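Chemist: A single structure is presented below for examination.
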């Protein structure tokens, strides 16, 4: 019996009794078991069961009669009815077989590609960075060179010109003596996987984004703070925390309404983002509180940064019923210190913020 395991589809492809004692072996086609295709039909057959030899590229014409012809037609029918694309190449990477799945996924008919080299500007696989893989990082070429199975997520070039995401798996073809005589590549549409990844990334972003202001939320702030503390402890990398709170926010909400309060939050959020430096991180901590994580900043750099942000918010304009509503923030500022953990540095910044509030609001208080 000749069994082809795991050709990249949900269905197993099983081909029995191809009528020869000779065997061509395909390694690792998506299964822990070797996939063995029996009966290439001659000792010189370098590809799989009548799909051509190492010296001849072309589609095999099934025998018109006899058990071998029937079995071969069955095998070809199995390969052609896989939803995945499957093609074989010889050691020179000339294409010797191209199934119907490959036609559907690429737009190229078998008679357009069989006999040509896969390097002949057919699929032109490239990675997500746009790097063309042919000749350098080609899975087929790597498989022919080292005899291992190689997998990749790439973008093939469709006949109509557009790029299509596919998952590819290349495995070596061996003759009866175990010599590598070519390779097989199986590929399938990766669009669903990409869509799933994008949805997961969108969900992750939304889970860490404040819907009102568009800033990162407290969860993102806590994750970033933990990472920065790790860098601080390992490499003595300086940074600081600016804890800002909108002054008299409850009065704005109660007097002018929640819509104006939302406008106040958005104005402060945008002002802090535009006033912070490129590597700083601004998050909405909760309610009317914002945290600015100031990168590569010691105490001497933190105070002028906080003062700039305070002044920019003070100079912002919030209107309600054509009336100008004063908008200010109080800010507690502290640099990271040896032994700090996330709770400790945030408690210290919160205490400094409270000092700024009790001292009259619209001011910066620095401490360590």
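Chemist: Among the residues that make up region 180-195, is at least one of them in contact with a helix residue (DSSP H, G or I) (Cβ under 9 Å, 6 or more places away or on another chain) and either assigned to a loop (DSSP other than H, G, I, E, B) or farther than 30 Å from residue 75 by Cα (or both)?
Modeler: No, that holds for no residue.
Chemist: Run down 120, 146, 127 and say which single residue is modelled with pLDDT of 90 or more and either surrounded by fewer than 20 Cβ atoms within 10 Å (Cβ to Cβ) or in contact with a strand residue (DSSP E or B) (Cβ under 6 Å, 6 or more places away or on another chain) (or both).
Modeler: Working: 120 fails: modelled with pLDDT of 90 or more; 127 fails: modelled with pLDDT of 90 or more.
Only one candidate qualifies: 146.
Chemist: How many residues are out of contact with any helix residue (DSSP H, G or I) (no Cβ under 8 Å at 6 or more places or on another chain) and either surrounded by fewer than 18 Cβ atoms within 10 Å (Cβ to Cβ) or in contact (Cβ under 8 Å) with a residue 60 or more places away in the chain (or both) if we restrict to region 268-309?
Modeler: 16
Chemist: State the number of residues belonging to region 149-162 that are in a loop (DSSP other than H, G, I, E, B), within 22 Å of residue 112 (Cβ to Cβ) and either touching a strand residue (DSSP E or B) at 6+ places or on another chain (Cβ under 8 Å) or in contact (Cβ under 8 Å) with a residue 40 or more places away in the chain (or both).
Modeler: From region 149-162, those in a loop (DSSP other than H, G, I, E, B) are 149, 158-162; that's our starting set.
Checking the rest, the ones that are also within 22 Å of residue 112 (Cβ to Cβ) come to 158-162.
Imposing the further condition that a residue be either touching a strand residue (DSSP E or B) at 6+ places or on another chain (Cβ under 8 Å) or in contact (Cβ under 8 Å) with a residue 40 or more places away in the chain (or both) reduces the set to 158-160.
The total comes to 3.
Chemist: Sticking with this structure for a sec: Which residues, counting only those in region 288-327, are farther than 18 Å from residue 352 by Cβ and within 40 Å of the chain's Cα centre (by Cα)?
Modeler: Hits for region 288-327 are 295, 296, 312, 316.
Chemist: Inspect region 167-179 for any residue being in a helix (DSSP H, G or I) and modelled with pLDDT under 95 and give the result as yes or no.
Modeler: Residues of region 167-179 that are in a helix (DSSP H, G or I), as a first pass: none.
Among the residues of region 167-179, not one is in a helix (DSSP H, G or I) and modelled with pLDDT under 95, which makes the answer no.
Chemist: Can you name the strands (runs of 3 or more DSSP E) wholly within region 251-367 that have at least 2 residues being modelled with pLDDT of 95 or more and closer than 23 Å to residue 225 by Cα?
Modeler: Details: elements: 281-286, 289-295, 318-320, 323-325, 329-335, 364-366.
In region 251-367, 281-286, 289-295, 329-335, 364-366 are the strands (runs of 3 or more DSSP E) which contain 2 or more residues that are modelled with pLDDT of 95 or more and closer than 23 Å to residue 225 by Cα.
Chemist: Right, here's the next one. On the basis of being in contact with a strand residue (DSSP E or B) (Cβ under 8 Å, 6 or more places away or on another chain), modelled with pLDDT under 95 and under 22 Å from residue 348 (Cβ atoms), does residue 220 make the cut? Working first, answer last.
Modeler: Details: in contact with a strand residue (DSSP E or B) (Cβ under 8 Å, 6 or more places away or on another chain): yes; modelled with pLDDT under 95: yes; under 22 Å from residue 348 (Cβ atoms): yes.
Taking the combined requirement at face value, the residue satisfies it.
Chemist: Filter region 214-240 down to the residues that are assigned to a loop (DSSP other than H, G, I, E, B) and touching a residue at least 12 places away in the same chain (Cβ under 8 Å), then identify the one that is farthest from residue 333 (Cα to Cα).
Modeler: Initial filter on region 214-240 (assigned to a loop (DSSP other than H, G, I, E, B)): 214-215, 217, 236-238.
Then drop every residue that is not touching a residue at least 12 places away in the same chain (Cβ under 8 Å), which leaves 214-215, 217, 237-238.
Numbers: 214: 23, 215: 20, 217: 19, 237: 17, 238: 14 Å.
Once the filter is applied, the top-ranked residue is 214.
Chemist: State the number of residues belonging to region 85-95 that are in a strand (DSSP E or B) and either farther than 10 Å from residue 184 by Cα or out of contact with any strand residue (DSSP E or B) (no Cβ under 9 Å at 6 or more places or on another chain) (or both). Steps first, please.
Modeler: Going residue by residue through region 85-95, those that are in a strand (DSSP E or B) are 85-90, 94-95.
Narrowing the set further to residues that are either farther than 10 Å from residue 184 by Cα or out of contact with any strand residue (DSSP E or B) (no Cβ under 9 Å at 6 or more places or on another chain) (or both) leaves 85, 94.
Qualifying residue count for the region: 2.
The values are calculated or read from the model by the stated rules, or taken from the named source; none is laboratory data. Computed from a predicted model, the values in this text were never measured in an experiment. Positions of Cβ are generated from backbone atoms using ideal geometry, with glycine treated the same way; all protein chains shown enter the neighbour counts.
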